[in-house]
Amino acid sequence: MDKIEDDLRLLLESRSVQLPDEEPDSVRINEQFVPIVKKTVGYIVCGIIFDECGQILMMQEAKTSCFGTWYLPAGRMETGENLLDAVKREVLEETGLEFDPHSLLCVEFGSGHWYRFTFVGGAIGGYLKDLSKSDKESLQAKWFTYDEIKNGKIKLRSKDILPLVELGMRLRSRSPTDRHANCLPVETPHRRLLLRMVIAVKTDSDVKLLVKMNNLPHFPVSDIAPDDWSLLMPVFFILRDAFGHHSLKPKICGILSVEHSGVPAVANDGICLTCVISLNFSDDLQMYNFVNHDYQWYSISDPTLMSFLDRSLIPGMSVPLIDHHSY
């Protein structure tokens, strides 16, 4: 079972993890659904950029529907783009500044076909856009303090960005030992929407991981259906496959990796999210009561990996997933 620890090392190093050769473990595959950017699936990118004084970069909208209001630089990913290229383009078009993303700040899940990826980082070049450079992308860009944004000095297009700004400020204020490591998307092609699950149970002596043993041992993987209103839905399907029911109460602690390529367009517009998920059992008998014996519990032997996994189960120590329709 060395492959499980090898896969964890790849996640620790922000590298791609190979999927099992067979189809995903959940029997939810809908070959009729093909994720196509801006048609059947929407990927929104957003950038939170701080200056040396801790001010946040905002852009003023030029669109008729929200003319003159302010928002974080954000927009839809275009066909053939990857996530990093998309957020850099949006920030440059809307603010005039070149963006250096340091990490994913969070991933929002609105449904099986809507995602927003927010990055945090700094400006490394360009010129701040003023009214003389206004165009269809934006009127101008300015730096504001959080208090100015929150307390109504500027009119916001939507207050949905306030939690994102607060999350960015908390991350910025924490020491490297008190926050999740920088995490950027891994450029890996996927033709479907997938969730890879690192399902962990803490016992008195160690942390055990749920693994699937058919073919090579691997973390359970499921399709994300386009009509899933919560990312917990594919988790419940896996738990039902393993234990015969989904009455357990899993908790998604955060995201360990995001894999996406976007090239070639249409063929590879899918993603793979790897989430760490905590699970509790009332007793050991319940924990080992598998109905599908392809599943097993695996104990990590490498102390470094054990520390990484244990840390990832703590809130804020992996990239937050914001599930807008969670149970």
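A short reminder: the numbers here are calculations on the coordinates, not readings from a lab. The structure presented is a predicted model; accordingly, all values stated were derived computationally and were not measured. Glycine also receives a Cβ, built like all others from the backbone with ideal geometry; neighbour counts cover every protein chain displayed.
Computed values, structure above
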item: Protection proxy ranking of 89-96, 177-184, 69-76 - average other beta-carbon atoms within 10 Å, highest first; result: 89-96, 69-76, 177-184
item: The range 194-209 residues near the modelled Ala265 label - backbone nitrogen below 12 Å, point 7 Å along Cα→Cβ; result: none
item: Between the range 77-96 and the range 214-272, the alpha-carbon center distance in angstrom; result: 26 Å
item: Beta bridge orientation in the chain: antiparallel %, DSSP, nearest 5; result: 65 percent
item: Isotropic mean projected area of the C-alpha convex hull, the range 42-178 (nm²); result: 8.8 nm²
item: Ranking of His324, His293, His190, His260 by count of other Cβ atoms within 10 Å, fewest first; result: His293, His324, His190, His260
item: Contour excess over end-to-end distance, with Cα ends at Arg174 and Ser65 and 0.36 nm allotted per residue; result: 35.5 nm
item: Sorted by Cβ neighbour density within 10 Å, fewest at the top, the residues Glu61, Glu166, Glu187; result: Glu166, Glu187, Glu61
item: Packing-based ranking, highest mean first, of 150-156, 240-246 given that Cβ atoms within 10 Å are counted; result: 240-246, 150-156
item: Spin-label pair His293/Glu31, simplified geometry with 7 Å Cα→Cβ offset, distance in nm; result: 3.2 nm
item: Per-residue HN-Hα couplings for the range 57-73 [Karplus 6.51, -1.76, 1.60; θ = phi - 60°; Hz; x = Gly/Pro]; result: 7, 10, 10, 9, 5, 9, 5, 4, 5, 9, 3, x, 7, 10, 7, 5, x
item: Answer label, with Kirkwood radius over Cα pairs in Å calculated from the coordinates and candidates (1) 20.8; (2) 22.1; (3) 26.8; result: (1)
item: Sequence ranges 136-142, 195-201, ranked by mean other-Cβ count within 10 angstrom, highest first; result: 195-201, 136-142
item: The chain, relative contact order in percent, only Cα pairs under 8 angstrom and at least six apart counted; result: 23 percent
item: Long-range HN-HN contacts of Arg192 with modeled amide H, under 5 Å; result: Gly270, Ile271
item: Sorted by Cβ density within 10 Å, fewest first, the residues Lys129, Lys88; result: Lys88, Lys129
item: Sites Arg191 and Leu285 - FRET efficiency at Förster radius 35 Å, r taken between beta-carbons, to 0.05; result: 0.30
